[in-house]
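Here is the structure we will look at.
The values are calculated or read from the model by the stated rules, or taken from the named source; none is laboratory data. Here the structure is a predicted model, which means the values were calculated and not measured. Here the Cβ positions follow ideal geometry from the backbone for every residue, glycine too, while neighbour counts run over all protein chains shown. In case anyone asks, the SASA skips ligands and DNA or RNA and just uses the protein heavy atoms, side chains included. Shrake-Rupley method; radii C 1.70, N 1.55, O 1.52, S 1.80 Å.
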Amino acid sequence: MIHDEMSYSLPFMVACNCKDEVQLVIGTNSMGTCKNRIRSILRSGAHAVVISPTQESDVKQLVSTFGHYSRFRLVDRQWQLSDLTSLGRPIVAKVVDRVFVQLPLDECLMEKEIYEQCIKLRIPINVFQRPEWSTFHVGSTYVDPQSSGLQISVSTNGQGCILANRIKREIMASLPSNISQIVTNMGQLRDRIINEDQQKLIKDHYGSTKDLALAQNVWYGLNGEYESHNLNNLVKEFDMTERDQRLKRTRWLSQIIEYYPMSKLADVSLEDLGGPSEEQQEQKQQCGVEDKLNKSESTENDINGQESVVMGEKKSPPSCGKISLVGGGPGSVSMLTLGALQEIKTADIILADKLVPQSVLDLIPEGTETFIARKFPGNAERAQQELLEKGLHSLREGRKVVRLKQGDPYIFGRGGEEYVFFSERGYEPTVLPGLSSALASTVVARVPATQRDVADQILVCTGTGRKGALPQIPEYVTSRTTVFLMALHRADILVRELLAHSWDSEVPAAIVERASCDDQRITRTLLKYVPEVVEEIGSRPPGLLIVGHSVAALVQPPLRAFDDSNKYTIEEGFQGNDMGLAALLR
Ligand code: SAH
């Protein structure tokens, strides 16, 4: 569905810092809601002042529930307008900071009066079941009872709180059961990294870290590292600046949060953000694979060129371990081949790419050892080496190793190199093709990669060449659909180069992210706007760029004319039934 988010008015969802504020609750009608309001106020660190209890029995109830909180106060008398300007904090001339009105239904004249006064005084007000007299409303909110800090609030913009409640419940049900630990663990890791690495960096820049709050402010302003379009910035593994070194763990953590299966985030530790663990070092020695990587600037050739390593194994592998390189498709379980499924179900150990999505990982039988590649910025070569060594080690133990790769193993998946690596050591892999994201993305984006009179050829290429250099820029062919993988993090450079090589700046382009996953996003625009659009919408990796007239061939209503004031459209979501399918396959 194409939508223009500017064409209607939506409440601005914010999370307010209300610490020490005074929030006034006028009336105690509808006791359940009233108590919830007070609870929320107290939880936010504000003072709750309740005035004009509706019934005498309410006083007792409220005192017995909240009486022991020092920030709770009950004023047992009729409210008056002057309360708005006399019960607040001295620092804001005693004007209260927020008002909730819970008066009985027949007091609507008074409600209107309070509302008008609040508008004059610019006090945010919510009148129970009176959206017309409310400047804010309270969404249906889930608060993590385990105090991780997680809150989920749902608003339907006044289209029914029962529905909002239901939606909230559905969201909660879809979260992993260890969501509290996930939030807590990620928060703690982030804090530790900020304290340890980033303080050092700030100290280098500013000479002191005395004022942590200031240091952190400076930090966030300084690097924009948490902005999603920067997540995948290119980091040169063997040519890192000192700043890159220091930022490494921050980047890794961002990537882990972005790519790892949610439920695993609860167990990520600081060690995972460092180099290979001791256990892996040990394995490395057992495998006898020389770690050239630390010694010299490695290239992909180093892996291919290791004939000298572990001589003689080619003829007589020490055991009968088996390995397969398996394409796992772009994301949706519906796009996994039956062959891949069989491999997943029969593996002893699965070595998965970072990009292999949760829905596919969920098919791995419980108890099958699974290792996910730690291919984070600045660590691609080492992570690849780590994976190969793990595979070799398991093969030597006679195990069945499944190297599960995103999309197709031979399309920018280093499948060829891995094939050579294992073959040379006497373990020739079975290779199973997968549906490449390059060809699935066009389909899910309603782009007929070839179409008579529109496109008669397809080119799949990369936006990132060896060691981060730009690849050779292909020539522009009007009747071609070009798919650029690994291109979005450097869309500005790529597009600049394309235009410099006579590409048509007005040719339609589609940014397809997380193709075939539930959170798939398709953004349509023109080639010339791609860099700006990427910057504006942020990134949702993995994603790719499709360029060509085929992008506009099927879209109904026809792709409207983009111009400077109307640069792109977004379509969210993938219509699949992975849950149902996964249940069938488990
Ligand atoms: N072997 C994979 C490609 C690996 S290279 C394949 O055949 O699909 C990694 C790049 O693939 C990412 O940077 C991104 O450009 C693309 N990619 C992988 N999965 C994707 C997906 N679900 N949606 C969009 N792009 C994807």
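With a Förster radius of 25 Å applied to the C-beta separation of Leu150 and Glu196, the computed FRET efficiency comes to 0.50. For the pair Glu428 and Val138, a Förster radius of 51 Å applied to the C-beta separation gives a FRET efficiency near 0.20, rounded to the nearest 0.05. Estimated from the Cβ-Cβ distance and a Förster radius of 41 angstrom, the FRET efficiency linking Asp453 and Glu536 is about 0.80.
Given region 438-572, what whole percent of its Cα pairs are spread farther than 19 Å? Tail of P(r) above 19 Å: 44 percent of Cα pairs. Per residue, region 22-138 exposes an accessible area of 52 Å² to a 1.4 Å probe, with every protein chain left in place. Counting only other residues whose beta carbon sits under 14 Å from that of Ser86, what net charge do I get with K and R as +1, D and E as -1? Overall, the nearby charge balance is +2. Model label points for Glu258 and Leu470, set 7 angstrom from Cα along the Cα-to-Cβ axis, are 2.2 nm apart. A 1.4 Å probe run over region 438-572, with the rest of the protein chains in place, finds 43 Å² accessible per residue. Taking 19 Å as the limit for the C-alpha separation, the pairs Lys322/Lys390; Lys345/Lys405; Lys200/Lys264; Lys94/Lys120; Lys264/Lys354; Lys264/Lys375 exceed it in the case of Lys200/Lys264. Straightening the chain between Ser334 and Met579 buys 87.2 nm, computed as 0.36 nm per residue apart minus the Cα-Cα spacing. At full extension, Ser505 and Ser565 could sit 19.9 nm farther apart than now, given 0.36 nm per residue minus the alpha carbon distance.
Arg396 sits with roughly 50 Å² accessible to a 1.4 Å probe, with DNA, RNA and ligands left out of the calculation. Note on Ala93 and Glu271: the model spin-label points, each 7 Å out from Cα along the C-beta direction, lie 6.1 nm apart.
Neighbours of Trp503, meaning other residues whose beta-carbon lies under 14 angstrom from its beta-carbon, give a summed charge of -1 when Lys and Arg score +1 and Asp and Glu score -1. Value of Rg to Rh for region 322-435, rounded to two decimals, is 0.92; Kirkwood radius and Rg both from alpha-carbon coordinates.
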